Amino acid sequence: MTASRLPGRRGDGSAAVRGWVGLYTLGLPAPMRTRRRGEVAGDLADETMDAIRHGDRSGLFRQRMVRLPLGVPADLSWRLVDAPPVARRLYGRTPWVPLTRWTLALVGAVALISAGGLAIVTLPVLTGQARPDLWPGWGPVGFAIGSLLVLSGILASVFWPRLGAAFVVPGAVVGLLAAPWLWGGWLLAVIAGAARTYQAAVDADRPLPPGGAW
Amino acid sequence: MRRKPGSIVSLERDILEASMTLQARGLPEAHGFLLAKTIGDGSDAKRLTAYGTLYKALDRLERAGHLESRWEAPDYAAEAARPRRRFYRITATGERALSEARAAEAPTVARTAPAGVRVT
């Protein structure tokens with residue numbers, strides 16, 4: 001048995017943890033990426049050995065399915081806010097501008113709201129349960145297009161802030177025309193897009209944090 | 001809420017406490033899982049800290065100079081047929097931060113003591 005094979009066993013949840021870590025560390029410089037992946041692989045191996053020692057290997061899957069999702073917000077915050085400045089300081093300036101906690105919160109809220117809105121409007125259409133009498137005219141179509149543009153733009157703004165804003169603003173306008181009663185949501189989308197663009201523009205002057213030993 | 005520069009949050013304090021506990025047991029260095037296990041054993045819930053929360057906190061503590069870390073020797077890990085561990089050791093700065101956190105908590109505990117309980 002090799003060292004790399006030890007922690008994984010079908011159905012114990014380690015593949016899900018390793019898969020998630022592999023996903024969120026994509027795009028980081030190799031030393032940072034391999035360090036985080038290596039640390040979690042070591043943790044999984046120790047967790048497995050601990051479970052074997054206590055004769056509770058069957059509880060591993062459940063334990064990991066609790067530890068994994070509870071740490072996702074911290075993983076995202078580390079990947080999007082903490083790691084990029086360290087990567088930039090240690091491995092040279094990258095074109096990508098990390099999010100601040102505020103822009104991450106805004107972008108996350110708008111992404112969730114727009115995805116939810118899109119799902120609420122399109123799912124009944126796709127499943128044949130839509131009721132045109134509830135919302136007549138082009139409203140649902142405009143709402144869906146607006147939500148889709150806002151969702152695409154806000155996700156794109158994480159990597160390309162200006163391009164993202166170019167999608168968010170027209171999306172919010174279309175959405176506002178289709179569903180003016182949801183003006184607060186469209187305004188929030190524009191604020192999030194603008195905040196991300198502004199933050200990216202002023203980032204060059206931001207002082208860099210101290211780095212760890214990678 | 002913005003935290004004060006140099007201050008530590010609850011989990012970071014737990015990690016430093018766990019490092020000190022393990023040090024007292026003759027383990028000057030500890031890997032992530034052992035720290036999570038020590039924290040879990042000391043809590044009522046006995047639950048392990050989530051992966052993301054733990055490694056983010058370790059990263060922050062290391063960048064703040066409260067911990068230092070190193071990889072385990074590859075030969076040793078290969079012999080044990082498992083991936084290498086990353087070992088963390090509390091620094092003098094970390095010990096100081098922990099003392100300050102304990103001292104800062106003491107008056108809070110006194111203020112929040114239940115009614116009828118006299119704190120001297």
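The values are calculated or read from the model by the stated rules, or taken from the named source; none is laboratory data. Predicted model only: the values in this text are computed from it and were never measured. Here Cβ is always computed from backbone atoms with ideal geometry, including for glycine, and neighbour counts include all displayed protein chains.
Structure notes:
- Any hit, region A:41-49, residues being touching a helix residue (DSSP H, G or I) at 6+ places or on another chain (Cβ under 6 Å), more than 11 Å from chain B (Cβ to nearest Cβ) and in a helix (DSSP H, G or I): no
- Index of the failed condition, B:LEU48 passing every other in (1) over 30 Å from A:LEU80 (Cα atoms); (2) at the interface with chain A (Cβ under 9 Å from one of its Cβ atoms); (3) in contact with an Asp or Glu (Cβ under 9 Å, 6 or more places away or on another chain): (1)
- The C-beta contact set for region A:126-155 (first residue more than 25 Å from A:VAL107 (Cβ to Cβ) and assigned by TED's automatic domain parsing to the domain that holds A:ALA115, second residue buried (at least 16 other Cβ atoms within 10 Å of the Cβ) and modelled with pLDDT of 85 or more, distance under 8 angstrom, 6+ apart or interchain) comprises A:ALA130/A:PRO140; A:TRP138/A:ALA178; A:GLY139/A:ALA178; A:GLY139/A:ALA179; A:PRO140/A:VAL121; A:PRO140/A:ALA178; A:VAL141/A:ALA178.
- Selection over region A:156-171 of residues that are over 14 Å from A:ALA111 (Cβ atoms) and in a helix (DSSP H, G or I) gives a count of 7.
- Condition check for A:TRP78: touching a Lys or Arg at 6+ places or on another chain (Cβ under 6 Å) and of a type in the set (Phe, Trp, Tyr): yes
- Entry remark, region A:88-109: residues being farther than 24 Å from A:ILE191 by Cβ and either under 12 Å from the mean Cα position of the chain (by Cα) or modelled with pLDDT of 85 or more (or both) number 0 in total.
- Remark: B:TYR88 matches the filter, which requires a residue to be part of a strand (DSSP E or B) and buried (at least 19 other Cβ atoms within 10 Å of the Cβ).
- Filter result for B:ALA73 (more than 9 Å from chain A (Cβ to nearest Cβ) and not charged (D, E, K, R)): yes
- Sole residue being at the interface with another protein chain (Cβ under 10 Å from one of its Cβ atoms) and modelled with pLDDT under 95, chosen from B:GLY6, B:GLY40, B:GLY65: B:GLY65
- Of all the residues in region A:8-40, those that are over 19 Å from B:ARG82 (Cα atoms), among the aliphatic types (A, V, I, L, M) and either outside any helix (DSSP H, G or I) or modelled with pLDDT of 90 or more (or both) number 4.
- Residue selected from region A:99-135 under the condition closer than 30 Å to A:THR34 by Cβ and within 14 Å of chain B (Cβ to nearest Cβ), by the criterion surrounded by the most Cβ atoms within 10 Å (Cβ to Cβ): A:LEU104
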